[in-house]
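*Asks:* Below you'll find the structure I mean.
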Amino acid sequence: MSPAIHNYRSSSSVLNRISTRIILCTVLVICCATGCIANSDFGYDSDDTGPDHWAEHYQECAGKFQSPIDIEEDWVKRVSMPPLQFTGFSDLPLETKVTNNGHTVLLELDRSSEFQVSGGPLRGDYSFAQLHFHWGVNDSYGSEDTINNHSYSMELHMVFYKAKYGDVDNAIKYKDGLLVLAIFYEAGHLDNLVYSEIVDTLKKIEYPKMSVMLHKGFTLKDFLPSDVEHYFTYNGSLTTPPCLEVVTWIDFKHPTRLSHKQLGEFRKLRSNAGYLTHNARPVQPLSGRQVYYNIGGYKDSATNLHSTNTQLAALLVAFSIAIHNLFSV
Ligand SMILES: [Zn+2]
């Protein structure tokens, strides 16, 4: 995002001007983070637009360190990292726009201040860009990353760009350019009221390029699981073309629950090729990557031997991720 957006003010003229700039930036965000490339559309079926054919138009989709992956809990390295820090997550956005972009449901927030994440495995601050969802043809699968080969019913991606790179368009030039917070969903019988407005809105954006503004909106904290201490983290890619390998993934371990009915409403949306019944890319080879699991319990005391060890472990994790970023291709 441009510096002008950081200096957002509430006068109507500035609001209109900045809103226009936000919309322009958002177009970039959509294109970069969910891959709506005009020249060659992509899909999720086994036809010539499906995942097996993405690399014909987007070479990096055949890369070595792609996402999603299957995370085997027996193989993860258990570490204790500093806590994740969430800034602005309790602030209600000025406006929230919900769009069917033909590939997913995309939520964009107009805001008076930054929403940022830092800490954990991250080096520096990451600023919010957008969030969107992935789901399957029924409740038995839908998440992109899987845990012990288990696919959850749906997965939310909160996309952030490294603040020092200025915007998404520039951040994707760097191996540590983007952060995605991933939240898994499992199906239940009771409606999750936090999602009521979004689910009700889906009926109004049935076809691609349709958008509506939410009346009540939500805070980003509303989407986070209650436990943000336990998560998996690894280096990977965008899960849609152009599949750039610039993403630090943080997958929260504990899922959120939505009702079967709420999940079903997402499958009623349409893409350019019919109903958008599923939009999850199959898992990709791990190719020797290390997945870390944060066990929590980080102690921030230099005099505590255990804390010193965990700090050292966290530093080693950050160092190994940095080395990976330097030498991965
Ligand atoms: Zn995604």
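The values are calculated or read from the model by the stated rules, or taken from the named source; none is laboratory data. Owing to the predicted nature of the structure, the values given are computational and were not obtained by experimental measurement. For neighbour counting, all protein chains shown are included, and Cβ atoms are generated from backbone atoms with ideal geometry for every residue, glycine included.
*Asks:* Using the structure shown, decide if S196 is touching a helix residue (DSSP H, G or I) at 6+ places or on another chain (Cβ under 7 Å) and among the small types (G, A, S).
*Replies:* Spelling it out, it is not the case that S196 is touching a helix residue (DSSP H, G or I) at 6+ places or on another chain (Cβ under 7 Å) and among the small types (G, A, S).
*Asks:* If you scan region 167-188, which residues turn out to be hydroxyl-bearing (S, T, Y) and part of a strand (DSSP E or B)?
*Replies:* Residue satisfying the conditions is Y185 alone.
*Asks:* If you don't mind, another one. I'd like to check something: does region 219-238 contain any residue that is in a loop (DSSP other than H, G, I, E, B), within 16 Å of the ligand (Cβ to nearest atom) and among the hydroxyl-bearing types (S, T, Y)? Give the steps one after another, and end with the answer.
*Replies:* Step one: filter region 219-238 for residues in a loop (DSSP other than H, G, I, E, B), giving 219, 224-230, 237-238.
Checking which are within 16 Å of the ligand (Cβ to nearest atom) leaves us with 237-238.
Cutting the leftovers down to among the hydroxyl-bearing types (S, T, Y) gives us 237.
So far as region 219-238 goes, yes, one or more of its residues are in a loop (DSSP other than H, G, I, E, B), within 16 Å of the ligand (Cβ to nearest atom) and among the hydroxyl-bearing types (S, T, Y).
*Asks:* Further question on the same structure: Condition first: crowded, with 18+ Cβ neighbours inside 10 Å and of a type in the set (G, A, S). Now tell me which residues in region 185-214 satisfy that.
*Replies:* Scanning region 185-214 gives a single hit, A187.
*Asks:* Tally up the residues in region 59-80 that are assigned to a loop (DSSP other than H, G, I, E, B), in contact with a helix residue (DSSP H, G or I) (Cβ under 9 Å, 6 or more places away or on another chain) and surrounded by fewer than 18 Cβ atoms within 10 Å (Cβ to Cβ), please.
*Replies:* Summing the residues that are assigned to a loop (DSSP other than H, G, I, E, B), in contact with a helix residue (DSSP H, G or I) (Cβ under 9 Å, 6 or more places away or on another chain) and surrounded by fewer than 18 Cβ atoms within 10 Å (Cβ to Cβ) in region 59-80 gives 0.
*Asks:* Next question, about the same structure. Out of S143, S153, I need the residue that is surrounded by 22 or more Cβ atoms within 10 Å (Cβ to Cβ), of a type in the set (S, T, N, Q), modelled with pLDDT of 95 or more and within 13 Å of the ligand (Cβ to nearest atom). Which one?
*Replies:* Of the residues listed, the single one that is surrounded by 22 or more Cβ atoms within 10 Å (Cβ to Cβ), of a type in the set (S, T, N, Q), modelled with pLDDT of 95 or more and within 13 Å of the ligand (Cβ to nearest atom) is S143.
*Asks:* How do the pairs read when you match residues in region 177-201 that are free of Cβ contacts under 8 Å to residues at least 24 places away in the same chain and more than 28 Å from S118 (Cβ to Cβ) with residues anywhere that are outside any strand (DSSP E or B) and more than 16 Å from the ligand (Cβ to nearest atom), using Cβ under 6 Å and keeping only pairs 6 or more apart or on different chains?
*Replies:* E197/L214; E197/K216
*Asks:* When region 103-127 is examined, which residues are found to be out of contact with any Gly (no Cβ under 7 Å at 6 or more places or on another chain), in a loop (DSSP other than H, G, I, E, B) and modelled with pLDDT of 95 or more?
*Replies:* Correct list: H103, T104, G120, P121, L122, R123, G124, D125.
*Asks:* Out of region 134-166, which residues are in a loop (DSSP other than H, G, I, E, B), touching a Ser or Thr at 6+ places or on another chain (Cβ under 8 Å) and either within 27 Å of R123 (Cα to Cα) or in contact (Cβ under 8 Å) with a residue 40 or more places away in the chain (or both)?
*Replies:* Of the residues in region 134-166, the ones in a loop (DSSP other than H, G, I, E, B) are 136-145, 148-149, 151-153, 166.
If we keep only those that are touching a Ser or Thr at 6+ places or on another chain (Cβ under 8 Å) as well, we get 136-137, 139-145, 151-153, 166.
Matches in region 134-166: G136, V137, D139, Y141, G142, S143, E144, D145, S151, Y152, S153, G166.
*Asks:* Something else: What pairs come up if the first residue lies in region 101-112 and is within 17 Å of S271 (Cα to Cα) and of a type in the set (S, T, N, Q), the second is more than 16 Å from the ligand (Cβ to nearest atom) and at pLDDT 95 or above, and their beta carbons are under 8 Å apart, counting only those six or more places apart or on different chains?
*Replies:* Here the result reads N101/P208; N101/K209, each pair linking region 101-112 to a residue that is more than 16 Å from the ligand (Cβ to nearest atom) and at pLDDT 95 or above.
*Asks:* Mind checking which pairs have a first residue in region 73-87 that is free of Cβ contacts under 8 Å to residues at least 40 places away in the same chain and a second that is of a type in the set (F, W, Y) and surrounded by 13 or more Cβ atoms within 10 Å (Cβ to Cβ), Cβ under 7 Å, 6 or more apart or different chains?
*Replies:* Cβ pairs passing all conditions: T87/F115.
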